[in-house]
Amino acid sequence: MSDFFSEKLIPQLETNHIGKNIVYLEETDSTNALAKREKNYPCGTVFVAGRQTDGRGRSGRVWQSNDENALYMSILIKPDISPQKISSITLVFGLAVFNALRGYADIGIKWPNDIILDNKKLAGILCEMSGNEEKIDYVVCGVGVNVNNTSFHDEIKDIATSLRIQTGKGYEITEIAAEILNEFDILYAEFLNKGLDDILIKYKNNCITLQKDVKVIMNNTETDAYALDITSEGGLLVRIDKEEKVIVSGEASIRGSIGYA
Ligand code: BTN
């Protein structure tokens, strides 16, 4: 049986591969967890929920998901590439979300893939992979976008924002979902066919973390650093004291030297 969300979403899709199957639930624990449970669904299946009861962020954090003012969406993919190359999918998906949202507001990407508006977080991405050193089983690319939210829980109220808060307007959530899926369809194909090089150039042009002082937070310790570049594998090259070090996505969080980004 078709649902209202999918009925509105499907006509807006211009994809070749992503979103040929849509699973919409009014409520689930987490669309990433749902996609992992349904890992036998075909590559490109999209899972969306109206609310999440256990929305997850990076580093085990909670993702506020208690109302229907935001987008909670996860894409299941099964790329036939070497597992050594897959960690940069998080940047590919980050650029797709950036491209989708850039028409709505003046945003930037905080490495590896937070979407930042007015020095606050507008959207967050959680990519989770399963497989071994020889073969990728599946990857789940999850995104939460604060669309029509008017308030946030106390713990995040100073670092989170929404399109509604920033622009004073309300938006159709299916439109935002379609833009993300359309952009990801293009970039995912480019990544599979040509690799990361060209995508990285576009990513770097919009990454607000580079060429500035940052704080690297690892194991509850904050270290001052200067963000130099993104490596060809998608790591963040920083200078700490006089030494250069590559930070791999998932191993640390980055903050601006003043404020969140
Ligand atoms: C972050 O910490 O920045 C990542 C947040 C990712 C949230 C999204 S909402 C849809 C999907 N389901 C989840 O439980 N998490 C991701």
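Please treat every number below as a calculation from the coordinates, not as lab data. All values reported here derive from a predicted model rather than from experimental measurement. Positions of Cβ are backbone-derived with ideal geometry, glycine not excepted, and every protein chain shown enters the neighbour counts.
Based only on Cα atoms, what mean projected area does the convex hull of the range 82-209 have, in nm²?
Mean projected area of the Cα convex hull: 8.3 nm².
Straight-line reach from Lys215: which lysines have Cα under 29 Å away, leaving out those fewer than 8 places along the same chain?
Lys85, Lys110, Lys120, Lys121, Lys157, Lys202, Lys204, Lys242, Lys245
Give the residues of the range 23-44 whose amide nitrogen is closer than 13 Å to a point set 7 Å from the Cα of His17 in the direction of its Cβ.
Inside the label zone: 43-44.
Gap in Å between the Cα centre of the range 129-165 and the Cα centre of the range 91-125?
The two parts, judged by their Cα centres, are 11 Å apart.
Using label points projected 7 Å from each Cα along Cα→Cβ, tell me how many nm separate Glu172 and Arg102, to one decimal.
In this crude label model, Glu172 to Arg102 measures out at 2.3 nm.
How compact is the chain by the rule of thumb for globular proteins, expressed as Cα Rg over 2.2 N^0.38 Å?
For the chain, the normalised Cα radius of gyration is 0.96.
Give me the distance in nm between label points sitting 7 Å out from Cα along the Cα-to-Cβ direction at Ile81 and Asp137, one decimal.
Result: 2.1 nm between the two label points.
At 25 °C and a viscosity of 0.890 mPa s, what translational diffusion coefficient does Stokes-Einstein give for the range 212-256, taking Rh as the Kirkwood radius over Cα pairs? Give it in µm²/s as a whole number.
Value of D from the Cα-based Kirkwood radius: 236 µm²/s.
Step through the residues of the range 146-161 one at a time and calculate ³J(HN,Hα) from phi using the Karplus curve (6.51 cos²θ - 1.76 cosθ + 1.60, θ = phi - 60°), rounding each to whole Hz and writing x for Gly and Pro.
Listing the rounded values in order: 7, 9, 9, 4, 10, 8, 10, 4, 3, 5, 10, 5, 8, 10, 10, 9 Hz.
Counting only helical runs of four or more DSSP H residues, what would the 222 nm mean residue ellipticity of the chain come to if each run contributes -39,500 (n - 2.57) and the total is spread over all its residues?
It comes out at -7000 deg cm²/dmol, rounded to the nearest 500.
At what distance in angstrom do the alpha carbon centres of the range 218-253 and the range 21-66 lie from each other?
30
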